[in-house]
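Working notes, structure below.
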Amino acid sequence: MTDSTDNKIALVTGAGRGIGKAIAELLAAKGNHVICLSRSESSCGAVADGIKANGGSAESIALDVADKAAVKAACEQLLEKHGNIDILVNNAGITRDGLLFRMSDDDWDDVITTNLSSCFAFVKHLARPMTRKRYGRIINMASVIGLTGNAGQANYAAAKAGMIGLTKSLAKEFAARNVTVNAIAPGFIATDMTAELNEKQQEAIVGIIPMKRMGTAADIAHTTAFLASDEAGYITGQVFTVDGGMVM
Ligand code: NAP
């Protein structure tokens, strides 16, 4: 079944696993051509192959989103091939947790570069054709941690709060061109990222979630697909918290 998001070209970063994989699969199921991007070809290639095996349209690109030159070259190739990217989902992200006095410069730089600077780079290269076409949907995967902060995650919280500021600024810059820019702030979602937490930490987290469960990647994919749709065309500069009621 297709709806009004169909026949668009979508680029999803971090599409090899977890939230990004669910987003790529849902956007493809809605009839979009999905470019699945992740660090390793084994993950994004498998997701693209799975989409194609289910009758969808997809391709894969393996690169490190922190590598500015690689991002620029890939965006140029994509624009050459497709003319325009309609939907950009900046989802790739990492954690390098630690209390401030133990956080190395590399832990700080890696998280800021991978999570925040990469969004700037993709938008910089892909937004101009969107503004010319007077159509675009940019969705940045932030986090509730960017809203609340978290001990041991100064780098991650700063990057995610930065993504929210970037989202709101770009929404204002692009609104008159019919390009919307929104952020999603997931709470705790069951993926490889949260599987790194031990059982005690996971129990403590579920204890503070009013819905008493972690979210699923599908919960975030459905919010993303809505923001990517034509129906969401009058929504821009917003942050959608999807967290089972944790942050109100
Ligand atoms: P995940 O399961 O760890 O998957 C991360 C994906 O991002 C993988 O496909 C990985 O590529 C890709 N990636 C990581 N670093 C990359 C890089 N430098 N270049 C290219 N690709 C890179 O993460 P997730 O839980 O799905 O999280 C997705 C996003 O949601 C992140 O931005 C995260 O901060 C955010 N988020 C997650 C949660 C949560 O509870 N899970 C909560 C709030 C926000 P490979 O597959 O090749 O390794």
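The values are calculated or read from the model by the stated rules, or taken from the named source; none is laboratory data. Keep in mind the model is a prediction, meaning the values are calculated, not measured. All Cβ positions, even for glycine, are placed from backbone atoms using ideal geometry, and neighbour counts span all protein chains on display. Heavy atoms of the whole protein, side chains included, go into the accessibility calculation; ligands, DNA and RNA do not. Shrake-Rupley method; radii C 1.70, N 1.55, O 1.52, S 1.80 Å.
Select, from 127, 161, 171, 175, the only residue that is part of a helix (DSSP H, G or I) and without any contact (Cβ under 8 Å) to a residue 40 or more places away in the chain. Walk me through it before giving the result.
Values: 127 fails: without any contact (Cβ under 8 Å) to a residue 40 or more places away in the chain; 171 fails: without any contact (Cβ under 8 Å) to a residue 40 or more places away in the chain; 175 fails: without any contact (Cβ under 8 Å) to a residue 40 or more places away in the chain.
On inspection, the qualifying residue turns out to be 161.
Could you identify the single residue in 181, 242, 206, 144 that is over 26 Å from residue 123 (Cα atoms) and at pLDDT 95 or above?
Checking each option against the conditions leaves just 206.
For region 192-236, how many residues meet the condition of being within 19 Å of the chain's Cα centre (by Cα) and in contact (Cβ under 8 Å) with a residue 24 or more places away in the chain?
Of the residues in that region, 22 qualify.
Looking only at region 214-235, which residues are open to solvent by 30 Å² or more (accessible area, probe 1.4 Å), in a helix (DSSP H, G or I) and farther than 16 Å from residue 144 by Cα?
Result: 218, 222, 226, 230, 231.
Would it be correct to say that residue 105 is open to solvent by 40 Å² or more (accessible area, probe 1.4 Å), among the acidic types (Asp, Glu) and within 14 Å of the ligand (Cβ to nearest atom)?
No.
What's the total number of residues in region 37-93 that are hydroxyl-bearing (Ser, Thr, Tyr) and more than 14 Å from the ligand (Cβ to nearest atom)? Talk me through it step by step, then tell me what you get.
Initial filter on region 37-93 (hydroxyl-bearing (Ser, Thr, Tyr)): 38, 40, 42-43, 57, 60.
Of the ones still in play, those that are also more than 14 Å from the ligand (Cβ to nearest atom) are 57.
Adding up the residues that qualify gives 1.
Is there a residue in region 194-202 that is open to solvent by 50 Å² or more (accessible area, probe 1.4 Å) and not in a helix (DSSP H, G or I)?
yes
Consider residue 65 carefully, then state whether it is in contact (Cβ under 8 Å) with a residue 24 or more places away in the chain, touching a Phe, Trp or Tyr at 6+ places or on another chain (Cβ under 6 Å) and either part of a loop (DSSP other than H, G, I, E, B) or within 17 Å of residue 155 (Cα to Cα) (or both).
Numbers: in contact (Cβ under 8 Å) with a residue 24 or more places away in the chain: yes; touching a Phe, Trp or Tyr at 6+ places or on another chain (Cβ under 6 Å): no; either part of a loop (DSSP other than H, G, I, E, B) or within 17 Å of residue 155 (Cα to Cα) (or both): yes.
In short, no.
Please go through region 32-50 and pick out each residue that is among the aliphatic types (A, V, I, L, M), buried (at least 24 other Cβ atoms within 10 Å of the Cβ) and farther than 15 Å from residue 92 by Cβ.
Scanning region 32-50 gives a single hit, 48.
Is it the case, given these coordinates, that residue 137 is open to solvent by less than 10 Å² (accessible area, probe 1.4 Å), within 23 Å of residue 227 (Cα to Cα) and not aliphatic (A, V, I, L, M)?
Here the answer is yes, as residue 137 does meet what is asked.
Taking the residues in region 7-36 that are under 11 Å from the mean Cα position of the chain (by Cα) and part of a strand (DSSP E or B) as candidates, determine which candidate is nearest to the ligand (Cβ to nearest atom).
Among residues in region 7-36 that are under 11 Å from the mean Cα position of the chain (by Cα) and part of a strand (DSSP E or B), the one nearest to the ligand (Cβ to nearest atom) is 13.
Which numbered condition in (1) open to solvent by less than 30 Å² (accessible area, probe 1.4 Å); (2) under 24 Å from residue 61 (Cβ atoms) is the only one that residue 145 fails?
Only one criterion is unmet by residue 145, namely (2).
Please enumerate the residues belonging to region 237-248 that are under 16 Å from the mean Cα position of the chain (by Cα) and either open to solvent by 50 Å² or more (accessible area, probe 1.4 Å) or not small (Gly, Ala, Ser) (or both). First the steps, then the outcome.
First, the residues of region 237-248 that are under 16 Å from the mean Cα position of the chain (by Cα): 237-243.
Across region 237-248, the qualifying residues are 238, 239, 240, 241, 242, 243.
Restricting to region 71-88, give me the number of residues that are outside any helix (DSSP H, G or I) and open to solvent by 10 Å² or more (accessible area, probe 1.4 Å).
Final tally of qualifying residues: 2.
Residue 29: of a type outside the set (D, E, K, R), open to solvent by 50 Å² or more (accessible area, probe 1.4 Å) and either without any contact (Cβ under 8 Å) to a residue 24 or more places away in the chain or closer than 29 Å to residue 214 by Cα (or both), yes or no?
Criteria met by residue 29.
Check whether at least one residue in region 4-24 is polar (S, T, N, Q), touching a residue at least 40 places away in the same chain (Cβ under 8 Å) and within 19 Å of residue 231 (Cα to Cα), and report yes or no.
Looking through region 4-24, at least one residue is polar (S, T, N, Q), touching a residue at least 40 places away in the same chain (Cβ under 8 Å) and within 19 Å of residue 231 (Cα to Cα).
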